[in-house]
Amino acid sequence: MGCCYSRNDDDSFGHEGSDENHVPRGGNKPFTKKGMTWTSESPVTIFNLKQQRDAFWDTAPSYEGRLEIWQALRCACESEDLVLSQAIIDSANVTIPTGNLADGCYDELGNKYVIPLYCIVEPTNLIDYNAEGSSEREDLDSKLLDEELTESEHIITIRLSSNAKDVKLNYNPKLDTIATLRAKLCTNQNLEIKKYHVRFFLLGRIFEDKTRLCDVSLENEQILQAFISEKF
């Protein structure tokens, strides 16, 4: 079983790998970013960091592993809410023996996924835009990043079967899947994801977990139906 890890030849970001011989394969610990640090070979801007992260996430699925798992891991890493990140990981049935994705994690089929530190936490020498003397290039990077993040955020309306209540959630159509949407909904409604089934419908069609939200036709403010039931 190979290691699901991708690295570009022009990757100038240094990161420390883990010795797989000392990483336990059994058990499952909560996802954490605590204590993780790394330093780039040279100071980088947040825009440069995002480009490097995008390069990894775009190429990693072509080597090994399942696309929907890579998508879930990306959403978990990019979320600033650890509760939501854990819900996404649980929804994808991913186990993390050490709690550190850089050490590796496994899907329910036994495929291994290793996430580089630069996709999990920012470097210690990230360039601070608020510092005096920032260059025009850095200001441009910041502006481009802000514009990209703004364009990627959308709002979806979900109608709950339990009480007919409408809930609005932010989502990224390029990254989020039905599985990550379920995790976001459960987090929003304080539902323990392992105890509930959540299925999404639109115009009579039920969606699979791996379906990307960009492939769901959400036009004219259509409402996505969520059927929620307890697991027995």
Top-ranked residue in segment 171-224 [being within 14 Å of the chain's Cα centre (by Cα) and β-branched (Val, Ile, Thr); ranked as farthest from Trp70 (Cα to Cα)]: Ile178
Out of Glu208, Glu132, sole residue that is loosely packed, with under 12 Cβ neighbours inside 10 Å, within 26 Å of Val94 (Cβ to Cβ) and either modelled with pLDDT under 85 or not hydroxyl-bearing (Ser, Thr, Tyr) (or both): Glu208
Restricting segment 78-108 to residues that are β-branched (Val, Ile, Thr) and outside any strand (DSSP E or B), the residue that is surrounded by the fewest Cβ atoms within 10 Å (Cβ to Cβ): Val83
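Mind checking which residues of segment 109-125 are outside any loop (DSSP other than H, G, I, E, B) and touching a Gly at 6+ places or on another chain (Cβ under 6 Å)?
Lys112, Tyr113, listed by residue number.
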Some residue of segment 174-192 being farther than 20 Å from Thr95 by Cα, outside the structural domain of Gly65 (by TED's automatic domain parsing), assigned to a helix (DSSP H, G or I) and modelled with pLDDT of 85 or more: yes
Of all residues in segment 28-57 being touching a Pro at 6+ places or on another chain (Cβ under 8 Å) and not in a loop (DSSP other than H, G, I, E, B), the one that is farthest from Leu73 (Cα to Cα): Val44
Evaluation of Glu64 against (1) at pLDDT below 95; (2) under 22 Å from Leu175 (Cβ atoms); (3) in contact with a helix residue (DSSP H, G or I) (Cβ under 8 Å, 6 or more places away or on another chain) (one fails), failing number: (3)
Tally, over segment 34-77, of residues that are among the charged types (D, E, K, R) and surrounded by 16 or more Cβ atoms within 10 Å (Cβ to Cβ): 6
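Taking segment 187-196, which residues are touching a residue at least 40 places away in the same chain (Cβ under 8 Å) and touching an Asp or Glu at 6+ places or on another chain (Cβ under 7 Å)?
Ile193, Lys194
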All positions within segment 167-183 that are surrounded by 18 or more Cβ atoms within 10 Å (Cβ to Cβ) and under 20 Å from Asp107 (Cα atoms): Asp176, Thr177, Ile178, Ala179, Thr180, Leu181, Arg182, Ala183
Conditions (1) at pLDDT 90 or above; (2) assigned to a strand (DSSP E or B); number of the one not met by Ile155: (1)
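The values are calculated or read from the model by the stated rules, or taken from the named source; none is laboratory data. Just so it is clear, the model here is predicted, and its values are computed rather than measured. Positions of Cβ are backbone-derived with ideal geometry, glycine not excepted, and every protein chain shown enters the neighbour counts.
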